[in-house]
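Enquirer: Got a structure for you, written out below as structure tokens; questions coming shortly.
The values are calculated or read from the model by the stated rules, or taken from the named source; none is laboratory data. What you see is a predicted model, and the numbers here were worked out from it, not measured in a lab. Cβ: placed from backbone, ideal geometry, glycine included. Neighbour counts: every protein chain shown. Keep in mind that these areas ignore ligands, DNA and RNA; they rest on the heavy atoms of the full protein, side chains included. Shrake-Rupley method; radii C 1.70, N 1.55, O 1.52, S 1.80 Å.
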Amino acid sequence: MRKLLTRRPTPTMAVALAALFVALGGSAYAATRINGAAIKRNSLPADRIRHGSITAAQVNLAKLGTVANATHASTADNATHASSADNATHATTATTANTATTATTAKTATNATTFNSLSSAQFLRSDTCQVGGIRGYGHFTPAQMSSTALTANGTLGTLNCAGKAVLVHHLGAGRYVVQFAGYPGGYAICQIGPLGQSGGTTFAPPFVCTLDEFAPGEWEVGVYNLQGTAADSEFTLLLY
């Protein structure tokens, strides 16, 4: 009978066999033992999470802070459209606003119900300066006028439908220059005496008034007594 020979494994073969057993055993361990508890906290980087895999179902929304682009959207009850809305500081349409296109009450507004406590009915527009209606008036007193230049001094109540200044200059006794800036031209009437006394029990002094228009909206006014001497007196101009 032939005798079988038994040989011991070489060192190289022994190492190879050991490595094979370790590899097989490690894979089995990983497949059956790794779970959430086995992962170290804060050990997974963001690039190891599949894009789009985390949804609202995995997120506790109650623990999220304010989104950066929504810091000015939490207080906008008083504004329909607002970029920043601390009580509608800047708004397109608002009930109360510091700056607004349309507002009931506003510090700065394109359209407002009132302006400086005055209603819109108390203002005249420059495009309504039409011949046939009163387009301006001014009552003047020499005691307060400037004798050196055109100023507003001495104007006791004025209206200029052109929306510009009314100025007066005292040239000398009974002689004045009156300017209604932007007045387009028309008719002017001069009345002597204190304002509001026409038709009352106190009459204006027996003076006469002359007008010489040397430019649109600019007149030289002369006031004379019955003897024809120039003398100072209050007077009123009405423009048509």
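Residues are listed down the side, and each one gets a yes or a no for (1) loosely packed, with under 12 Cβ neighbours inside 10 Å; (2) in a helix (DSSP H, G or I); (3) modelled with pLDDT of 95 or more:
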residue	(1), (2), (3)
Val131	yes, no, no
Leu159	no, no, no
Ala162	no, no, no
Leu167	no, no, yes
Tyr176	no, no, yes
Gly182	no, no, no
Cys190	no, no, no
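Enquirer: Here's another thing I want to ask about it. Would you please name the residue that is most open to solvent (accessible area, probe 1.4 Å), looking only at residues in the range 133-157 that are in a strand (DSSP E or B) and small (Gly, Ala, Ser)? So that I can check it myself, show each step before the final result.
Expert: Start the filter on the range 133-157 by keeping residues that are in a strand (DSSP E or B), which leaves 136-140, 151, 155-157.
Among the residues that remain, those that are also small (Gly, Ala, Ser) are: 136, 138, 157.
Details: Gly136: 0, Gly138: 0, Gly157: 38 Å².
Going through the qualifying residues, I end up with Gly157.
Enquirer: Here is a follow-up. Give the range 221-230 a look and list any residue that's open to solvent by 20 Å² or more (accessible area, probe 1.4 Å) and under 12 Å from Tyr176 (Cβ atoms), or say none.
Expert: Residues of the range 221-230 that are open to solvent by 20 Å² or more (accessible area, probe 1.4 Å), as a first pass: 224-230.
Selection gives Ala230 alone.
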